[in-house]
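Remarks on the structure that follows.
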Amino acid sequence: MNPAATQEPHMTLEGGLPAVQQCLREVETHSGRPAGSVRLVAVTKGRSLEEIRERVLAYGHYPLAENRGQELRDKREAAQAQGGEDLEWHFIGPLQLNKIKYLRGVTLVHTLERLEQARELARLAESWGRAPELLIQVHNGEAQKHGVPEEGVAELRRQAEAMGLVIRGLMVMAPYGDLAEAARVFGRVAALGARLELPELSMGMSDDYVQAVQAGATMVRVGRALFE
Ligand SMILES: *Cc1c(COP(=O)(O)O)cnc(C)c1O
């Protein structure tokens with residue numbers, strides 16, 4: 001038999017978003033969380049609009065997350081030009097001051113780390129007419145570049161709120177390749193979020209979203225597993 005003959009498009013869609021959603025629902029149930037309480041944020045960096053339609057939007061309305069400002073701006077404008085689609089965009093990449101201007105229309109930024117970034121967002125939001133809501137990215141304890149040390153989070157929040165910005169919660173990226181360590185990092189960030197009474201926790205990617213939901217994530221940022 002010709003193996004290519006079995007490659008019907010719908011067969012290659014096995015897995016992907018429906019499988020991730022099903023897994024999320026199961027972990028919610030096992031963790032005693034209400035069904036549907038964890039939001040799936042679809043990470044679409046490097047994917048074309050066509051792929052995004054086929055692998056994400058075909059299954060419903062999901063926030064789309066990008067990690068580069070220009071790529072986000074280009075896709076957002078292309079989607080609008082093609083059909084006036086009212087998509088929801090999140091930003092999950094490093095916030096470079098000179099590129100924050102591309103984030104017009106974004107509803108949630110997951111990666112606030114510094115006061116100057118908050119200042120630039122507040123400044124641009126005046127001309128945008130609306131500021132994105134924000135999550136503060138927490139340092140994960142490893143030798144990683146990004147994130148605010150736990151003890152600095154409350155102060156950055158206070159300063160951003162003083163500018164009129166809305167801090168909704170915390171975000172963290174776990175160290176790669178060690179799920180037990182990832183679970184510990186998620187647990188620490190969840191405890192910090194509870195202490196600060198911040199409702200949203202953006203934690204977990206394709207390889208570790210199960211651990212993240214078990215620890216209390218309210219949003220998972222999944223890319224690869226939706227497109228494989
Ligand atoms: C790429 C990326 C993700 C998604 O990672 P996958 O392994 O593709 O699921 C999540 N969060 C951030 C910040 C990313 O850059």
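The values are calculated or read from the model by the stated rules, or taken from the named source; none is laboratory data. Just so it is clear, the model here is predicted, and its values are computed rather than measured. A quick note on method: Cβ atoms are made from the backbone with ideal geometry, for glycine too, and the neighbour counts reach across all protein chains shown. Areas reflect the complete protein model, heavy atoms only, side chains present, ligands, DNA and RNA absent. Shrake-Rupley method; radii C 1.70, N 1.55, O 1.52, S 1.80 Å.
Return a whole-number percent for the relative contact order of the chain, with Cα pairs under 8 Å and 6 or more residues apart as the contact set. Mind dumping the intermediate values first?
Working: 395 pairs, mean separation 45.2, N = 228.
Taking the mean separation of contacting Cα pairs over the length of the chain, I get 20 percent.
Tell me which residues come under 5 Å, amide H to amide H, from residue 111 once H is placed; ignore anything under 5 positions away on its chain.
Amide H neighbours of residue 111: 135.
Ignoring any ligand, DNA or RNA, what whole percent of the accessible area of the chain comes from carbon and sulfur when the probe is 1.4 angstrom?
Percent of accessible area from carbon and sulfur atoms in the chain: 50.
Nearest 20 debye, what's the magnitude of the dipole of the chain about its Cα centre given +1 on Lys and Arg Cβ and -1 on Asp and Glu Cβ? Walk me through the numbers on the way to the answer.
Values: 27 positive and 31 negative charges, 110 e Å.
Charge dipole of the chain: 520 debye, to the nearest 20.
Can you tell me the accessible area per residue over the chain, all protein chains present, probe 1.4 angstrom, in square angstrom?
I get 49 Å² per residue for this part.
Report, ordered by chain and residue number, the aspartates and glutamates lying within cross-link reach of residue 101, taken as a straight Cα distance under 19 Å and ignoring same-chain residues fewer than 8 apart.
66, 71, 74, 77, 88, 113, 116, 120, 126, 133
Could you sort 139-145, 208-214, 58-64 so that the peptide with the highest average Cβ count within 10 Å comes first and the rest follow in order? All intermediate terms of the calculation are to be shown ahead of the outcome.
Working: 139-145: 13.6, 208-214: 23.7, 58-64: 15.9.
In decreasing order of mean packing, 139-145, 208-214, 58-64 become 208-214, 58-64, 139-145.
Along Cα→Cβ, 7 Å out, is where each label goes; now give me the distance between the ones at residue 158 and residue 26 in nm to one decimal.
Simple spin-label model gives 4.6 nm for this pair.
What list of whole percents do you get for P(r) of the stretch 48-97, with Cα-Cα distances grouped in 5 Å bins up to the one holding the largest distance?
5, 19, 31, 28, 11, 5, 1
Let me know the volume per residue of the alpha-carbon convex hull for the chain, in Å³.
Roughly 143 Å³ of hull volume per residue.
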